[in-house]
Each structure stands twice: as C-alpha cells, then as structure tokens.
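Notes follow the structure.
The values are calculated or read from the model by the stated rules, or taken from the named source; none is laboratory data. Bear in mind the structure is a predicted one, so any value in this text is a computation, not a measurement. FYI the Cβ positions are ideal-geometry reconstructions off the backbone, even for glycines, and counts take in every protein chain you see. Areas reflect the complete protein model, heavy atoms only, side chains present, ligands, DNA and RNA absent. Shrake-Rupley method; radii C 1.70, N 1.55, O 1.52, S 1.80 Å.
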Amino acid sequence: MLIADWSEIIERILVHFQISVTGVALATVVGMIIGITLTRFPKIATPALSVIEVFQTIPSLAMLSILLIFLGLGNNTAIMAIFFYSLLPIVRNTHAGILSVDPALLDAGKGMGMNSFQVLFKVEIPNAIPVILSGLRISLITAYGIVTISVLVGGGGLGRFVIRGIQMQNMGVMLTGAIPIAAMALLTDLLLNYLEKRMTRHNRSSRTA
C-alpha cells in the first residue's frame, strides 16, 4: 500500500534522480579527464588509482557525515558524496577503455593526418565509450542508494519515505520509497547495458567496414 499521493511520489522520484545524475555527471567530467591523463602518464596511474580507491573504503554514512561539516545540511552534501564514490569507476574504466583501443586504429588515425587531440576525440574516446558506460552504470546505481540515506543529512528524494517507514515500522510507507528506487536501478541497468552492447557492436562493425 502506497501511503502518499502520486504527485508527491513523482516529485520525490525526480529529486532523487536529479541528485544522483548531478553527482555522477560531475564525476564523469572530472573522472574522464583524470583517466585520460593517466593513460599519458602511466608511471603515476597505479598510485593515483590507489589514492582514489581510498574514497571507496569510507562507509557512505561516514562520508556524508564528513561532508556535512563542510557543506551543511541539504542536497549538496549528497551530490558531493556521489561524486567521490563515482570517481573510481569512471577513472578506472576511462583509463582501461583508452588503453584497450586497438593500436592499429591509432596508427590509422595518425596516418590520416590527425593530431593527438583529433585521435583522442575521434578514435580513442569513441572506442572506449562502451567501457566508460559500464563505469557510469555502476556509478548511477550506487548513487541511488547514497541518495536514499542522504535524508539523514537533510537530503531529498525517496529516502524520506524509506526512513520514515522504518521509524514508523510501516511497511507501506517504506515500500513507497523502496519500490521506485529499485525500479530506477533496474531501468538504469537495462538501459545502459543496452547502450553499452550497442556501442560495442557499432565499434566492431566500424572496424570491419
């Protein structure tokens, strides 16, 4: 039983999605820049990835509490937590995706007179997109969970139903938040997995054309 009107549920779904996407989008921009940079400086790749991995070892509630000190109550704290947790999958997958590009494609691009930036944006990134999408998929699904508990630091979204339901020991209220969160995670996984496979097939057909 859903203990809320549909307008409130839809509003909270939109807020939940907005917070998640904002944090992941920031991590995608920064993470791709870092990942690409690490492919140019391989000696620092392992230490840099190890430093970024530290963020993954911090429990989400502890991360939110630390950020709360600097950002205060509200959605900004949730967005920054998502940013830090999303950074590793984006950096690692961008780094791995760029390195996995067939050297023959790079040579072909250079043979056509492309400079290093053209090779990056016309050859390396397009061919690395499927791997990057995999990191993006992981990041978004993780973000939905972080937003859920961010209500404890003043965040919005569907977590308010979940936490309220737990406090009231009311399964209906809890499911009002939990069901849409699960549906969002499932749809995100299906959509990005589909795009990942489609891009992989497209890149393979382009190489054989």
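Against the 2.2 N^0.38 Å scaling, with N counting residues, where does the chain land? I'd like the Cα-based Rg ratio to two decimal places. Taking N as the residue count of the chain, the ratio is 1.19.
Express in nm, to one decimal, how much length is gained between ASP189 and LEU106 on full extension, taking 0.36 nm for each residue of separation and deducting their alpha carbon distance. Additional length available on full extension: 26.8 nm. Each helix, a run of at least 4 DSSP H residues, gives -39500 (n - 2.57); summed and divided by the residues of the chain, these come to -28000 deg cm²/dmol at 222 nm. A probe of 1.4 angstrom, applied to the heavy atoms of all protein chains, finds SER100 with accessible area near 80 square angstrom. Of the solvent-accessible surface of the chain, computed with a 1.4 Å probe over protein heavy atoms with every protein chain present, carbon and sulfur atoms account for 69 percent.
Computed from the C-alpha gyration tensor, the three semi-axes of the ellipsoid equivalent to the stretch 1-114 are 36, 20, 11 Å, from longest to shortest. Magnitude of the charge dipole for the chain, about its Cα centre and with charges confined to Cβ atoms of Lys, Arg (+1) and Asp, Glu (-1), is about 480 debye. For the residues GLU11, GLU53, a 1.4 Å probe over the protein chains yields an accessible-area ranking, largest first, of GLU11, GLU53. Computed over the alpha-carbon pairs of the stretch 85-194, the distance histogram in 10 Å steps reads 14, 30, 23, 16, 11, 6, 1 percent, short to long. The listed residues ILE90, ILE179 rank as ILE179, ILE90 when sorted by accessible area, largest first, using a 1.4 Å probe. For GLN169 and GLU8, FRET efficiency with R0 = 22 Å and r from the beta-carbon atoms, rounded to 0.05? E between GLU8 and GLN169, to the nearest 0.05, is 0.60. Put the Cα centre of the stretch 168-200 next to the Cα centre of the stretch 28-56 and the gap is 29 Å. The residues of the stretch 6-203 expose on average 51 square angstrom of accessible surface per residue, using a 1.4 Å probe on protein heavy atoms. The modelled label-to-label distance between SER206 and SER65, using points 7 Å beyond Cα along the C-beta direction, is 4.7 nm.
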